[in-house]
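Written below as structure tokens is the structure these notes are about.
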Amino acid sequence: MTFSSWYQLKLFVEHASGISMDALHVLAGVAILLLAARVLRQSLANILPWFATLILEIGNEIYDLSVEIWPDPGMQLGEGAKDIILTMALPTLLLLAARLSPNLLTGSGNQPLSDEQVADRPDVPIARSASPRLHDED
């Protein structure tokens, strides 16, 4: 794929989908983050997928600056900065959620672990009792 065909592909996707380029940046950011996590075999809590997304987005914006020439460079640089912010907003939120509150992403909440889950985790001490209840009521 040549550089001009990359630009044409981006224009095609924008016009064929009817989704604004700004919204496509948001969607692409999440898609790239998930793909990078899969390819790198890393959790969303790891910084590597986020960093890969940032590098690809910065590369895309550098490409855009070289292909599109605007009459006002300040506007063009501002648009590029906005694209980076839009692309990285949700990946940044997902990274922070995965690192600071992983239960939000796993759905485990404050649910107690089942006996099978406890047995599979060597770091959780196993209580040796005949009954899971503390007191038998008579």
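The values are calculated or read from the model by the stated rules, or taken from the named source; none is laboratory data. From a predicted model like this one, the values you see are computed outputs, not experimental measurements. We place every Cβ from the backbone using ideal geometry, glycine too, and count neighbours over all the protein chains shown.
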Checklist outcome for this item: Reported set for region 18-37 where residues are of a type in the set (Asp, Glu) and at positive phi is none
Next on the checklist: Checking the structure you have, find out if any residue of region 51-71 is modelled with pLDDT under 95, under 19 Å from Leu96 (Cα atoms), among the aliphatic types (A, V, I, L, M) and crowded, with 17+ Cβ neighbours inside 10 Å.
Outcome noted: no
Checklist entry - Give me the pairs: first residue in region 55-78 and closer than 20 Å to Leu24 by Cα, second residue surrounded by fewer than 14 Cβ atoms within 10 Å (Cβ to Cβ) and modelled with pLDDT of 90 or more, beta-carbon distance under 9 Å, and six or more apart or on different chains, which are they? => result Glu61/Ala81; Leu65/Leu77
Checklist entry - In this structure, is Glu79 surrounded by fewer than 16 Cβ atoms within 10 Å (Cβ to Cβ) and in contact with a Phe, Trp or Tyr (Cβ under 9 Å, 6 or more places away or on another chain)? => result no
Checklist entry - Is there a residue being of a type in the set (S, T, N, Q) and either in contact with a His (Cβ under 6 Å, 6 or more places away or on another chain) or modelled with pLDDT under 95 (or both) anywhere in region 88-98? => result no
Next on the checklist: Looking only at region 19-60, how many residues end up being farther than 24 Å from Leu77 by Cβ and either charged (D, E, K, R) or part of a helix (DSSP H, G or I) (or both)?
Outcome noted: 14
